[in-house]
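To start, the structure itself, in structure tokens.
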Number of protein chains: 2
Amino acid sequence: MDGEKIPSVSRVRSYLLKKQDEICRGLEAEDGEARFQCLELDGERGGLARPRCLEDGPVLEKAAVNFSHTRGESLPKAATETRPELAGRSFQAVSLSLITHPRNPFAPTSHMNVRFFVASREDKDPIWWFGGGFDLTPYYGFEDDARHWHETARTACSPFGDDVYPRFKKWCDDYFVIKHRKEARGVGGLFFDDLNEGGFERCFQFLQSIADHYLPAYLPLLSRRKNHPYSDAHRQFQLYRRGRYVEFNLVYDRGTLYGLQAGGRIESILASMPPLVRWIYDWSPVAGSEEERLSKDFLRPRDWLTIDDNVDVNREKP
Amino acid sequence: MDGEKIPSVSRVRSYLLKKQDEICRGLEAEDGEARFQCLELDGERGGLARPRCLEDGPVLEKAAVNFSHTRGESLPKAATETRPELAGRSFQAVSLSLITHPRNPFAPTSHMNVRFFVASREDKDPIWWFGGGFDLTPYYGFEDDARHWHETARTACSPFGDDVYPRFKKWCDDYFVIKHRKEARGVGGLFFDDLNEGGFERCFQFLQSIADHYLPAYLPLLSRRKNHPYSDAHRQFQLYRRGRYVEFNLVYDRGTLYGLQAGGRIESILASMPPLVRWIYDWSPVAGSEEERLSKDFLRPRDWLTIDDNVDVNREKP
């Protein structure tokens, strides 16, 4: 049995529901005023959706933290085409998905998704896997912020092996690419899918470690940047960069596109959309500006944990 | 020869270049202040891109009117899969694509695209076709505006047969659907593709008739609504509705997705994006409001040319 307990949807579900509460409380506390609008929607055959969205806070212009538990007769074609062993199986999926859009342009947007799938068939063992990760999208780059984010990501991974962080960090860099811009969405973090190495218990512990490290990774950055003085030009740049987020989510993001095609609750799926977005035709930043530095220095895969301090001229003094 | 002259890319190109000038002048005149930023980019083997974008006008918050002539060794897979006779052919495509995003929430967004393709192979006759149309997206519904738009569309089609308008009107209604919202993008207009019935000459005349009727269809609406008094609530609703435009263009629009995948000039392809957009979580209009009337009365396929005046309580008096 050890390390290979029966995969339990209900245990993951209970954990994610508690985690949703905790993250919402943490974000509300950092905002100080706004509160999440909460819904509980019973799904078919014991399913549950618990979408939560906060808007118009002094710190968080928008944040969405959505739990869902769905059950289906068969997995979508997209899933069974690449994994034919899943065909003809019913499934259950539990997930927690979140995004934050801070008001201050110096505070980064964050995203986390953690999910667990079990595909069942009466005459066979269940097939199960975990997926998820978290990633950060700054509008103005701070080396210290990216380093703290990635250090926390590494801490979350380290009990599970030294290769875990670099592997899932690279997967994240590879996934969050706005292909038509040849540009990274942000500074990355962790991304993984189809995880079932080492048995359910260990994988579930890993998922918990990721989700448990989200607030410690993000809240210090939000706290540090939420009162950073900014001008209208900074704000306009933030609105402009949010367009990239929209482009990624609507053109490439698998979760979003799957949700739209599968006919899920649109307002939950598109809760990730930024509250206010600007597109400017053929805009490019002034040479040498902070805005240019974002694309040149931050929006490319970097090893954030071994930055050479001599090169890192913009690093803030501790 | 008559009605079956050799398909001529250069004739269509010359026509579209002149039409681009004329439409830009017409929109600039209606705006009164802003001017199109113009570029001329030579493409490979005689190709040409002439993207034009106007921003921040008092009337037009943004407008893009883009001409392009591209030549390629082979058509993309997407094209040859549905039409295997096109495989192994080189091609040329000329197109004029436009969109307007007026500032006033009572003035509708308009879109037109007209295009001509020729696919060639040394040992065979060329295969050619026209495609295009125009469609209207109001934020506040005016029956008179929709009627004028559709009457002009019918006028453009009528020399080519009585069945043309209803056929291409329906095609437009079927195409511009935001599937995940089960909602039309706007009040439609005309849409057609793969048109080559009746020979090149006749089809080219049809294309010209569509493009020639764009300004007469749109300018009167822009002129009539551009100074309509509006509140911040009207403006916010416009920004919110523009989100639907983004959702359609990035998730469904074939031209946009093809352009993004094919690696065209991103700023030209995404010039259709609205200048400023808002997403509000789980928002719905107040019962009985003008905002609700948009979805209930306007964003569904209707026969705009036989509206019953007794039913049409909101119709403006002439």
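Kindly provide the set of residues from the stretch A:277-297 that are more than 14 Å from chain B (Cβ to nearest Cβ) and of a type in the set (Val, Ile, Thr), ordered by number. If the condition is that a residue be more than 14 Å from chain B (Cβ to nearest Cβ) and of a type in the set (Val, Ile, Thr), then A:VAL286 is the only one that fits.
Scanning the stretch A:90-125 for residues that are touching a residue at least 24 places away in the same chain (Cβ under 8 Å), touching a Gly at 6+ places or on another chain (Cβ under 7 Å) and of a type in the set (Lys, Arg) turns up just one, A:ARG121. Taking the stretch A:42-67 as the range and being modelled with pLDDT under 95 and not charged (D, E, K, R) as the test, the residues that pass are A:GLY43, A:GLY46, A:GLY47.
Tell me yes or no: at least one residue of the stretch A:289-298 is assigned to a loop (DSSP other than H, G, I, E, B) and more than 24 Å from B:TYR240 (Cβ to Cβ). Yes.
Selection over the stretch B:239-258 of residues that are more than 8 Å from chain A (Cβ to nearest Cβ) and under 19 Å from the mean Cα position of the chain (by Cα) gives a count of 12. B:ALA79: aliphatic (A, V, I, L, M) and surrounded by fewer than 20 Cβ atoms within 10 Å (Cβ to Cβ), yes or no? Against the criterion (aliphatic (A, V, I, L, M) and surrounded by fewer than 20 Cβ atoms within 10 Å (Cβ to Cβ)), B:ALA79 qualifies.
Counting residues in the stretch A:114-134 that are part of a loop (DSSP other than H, G, I, E, B) and surrounded by 18 or more Cβ atoms within 10 Å (Cβ to Cβ) gives zero.
Could you list, in sequence order, all residues of the stretch A:34-61 that are under 24 Å from A:TYR15 (Cα atoms), open to solvent by less than 10 Å² (accessible area, probe 1.4 Å) and not in a loop (DSSP other than H, G, I, E, B)? Result: A:CYS53, A:LEU54.
Among the residues of the stretch A:259-276, those that are in a loop (DSSP other than H, G, I, E, B), within 7 Å of chain B (Cβ to nearest Cβ) and not hydrophobic (A, V, I, L, M, F, W, C) comprise A:PRO274, A:PRO275. With respect to B:LEU250, determine if the residue is under 22 Å from B:THR100 (Cβ atoms) and not β-branched (Val, Ile, Thr). Spelling it out, B:LEU250 is indeed under 22 Å from B:THR100 (Cβ atoms) and not β-branched (Val, Ile, Thr). Regarding the stretch B:82-93, can at least one residue be identified that is within 14 Å of chain A (Cβ to nearest Cβ) and open to solvent by 50 Å² or more (accessible area, probe 1.4 Å)? Looking for residues that are within 14 Å of chain A (Cβ to nearest Cβ) and open to solvent by 50 Å² or more (accessible area, probe 1.4 Å), one finds none in the stretch B:82-93, hence no. For the stretch A:195-241, filtered to residues that are free of Cβ contacts under 8 Å to residues at least 24 places away in the same chain and outside any helix (DSSP H, G or I), the residue that is nearest to A:TYR281 (Cα to Cα) is A:SER231.
The values are calculated or read from the model by the stated rules, or taken from the named source; none is laboratory data. No experiment lies behind these values; they were computed from the predicted model shown. With ideal geometry, Cβ positions are generated from the backbone for all residues, glycine too; neighbour counts draw on all protein chains shown. The area values use the complete protein model at the heavy-atom level, side chains included, leaving out ligands, DNA and RNA. Shrake-Rupley method; radii C 1.70, N 1.55, O 1.52, S 1.80 Å.
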